[in-house]
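Below is one structure; the comments refer to it alone.
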């Protein structure tokens, strides 16, 4: 499970860290892979790892959807419509994922399979 957490952390943080550290003259992490994500490159917001299912939930705000990324298969396995999705939180102990769909003024509560 620690390997999954490390992989997810690298996927999420690599782009930000590389850009910031490159400007500062050194990169503390090394990229291990690049993964293409669907949709336009507009406002990927918060992410959350569901350690129970090995999935990374990615809020793609301006595309109005949640991306469900399988950390083992290293691919997007599902896209969930969520207008203006902003925050997302996977709670493995509850077998639930919570996301705010701000354009619809709704809280989405999902039970991952």
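In terms of other Cβ atoms within 10 Å, 109, 49 run from fewest to most in the order 109, 49.
Full extension of the segment from residue 29 to residue 42, taken as 0.36 nm per residue of separation minus the current Cα-Cα distance, would add 2.2 nm. Overall dimensions of the range 55-110, expressed as equivalent-ellipsoid semi-axes from the Cα gyration tensor (√(5λ), whole Å, largest first), are 19, 14, 7. Taking each residue as 0.36 nm, the span from residue 78 to residue 109 lengthens on full extension beyond its C-alpha to C-alpha distance by 9.6 nm.
Throughout, read-outs are computed from the coordinates displayed, never taken from laboratory work. Bear in mind the structure is a predicted one, so any value in this text is a computation, not a measurement. Cβ coordinates were reconstructed from backbone atoms using ideal geometry, including for glycine residues, and neighbour counts include every protein chain displayed.
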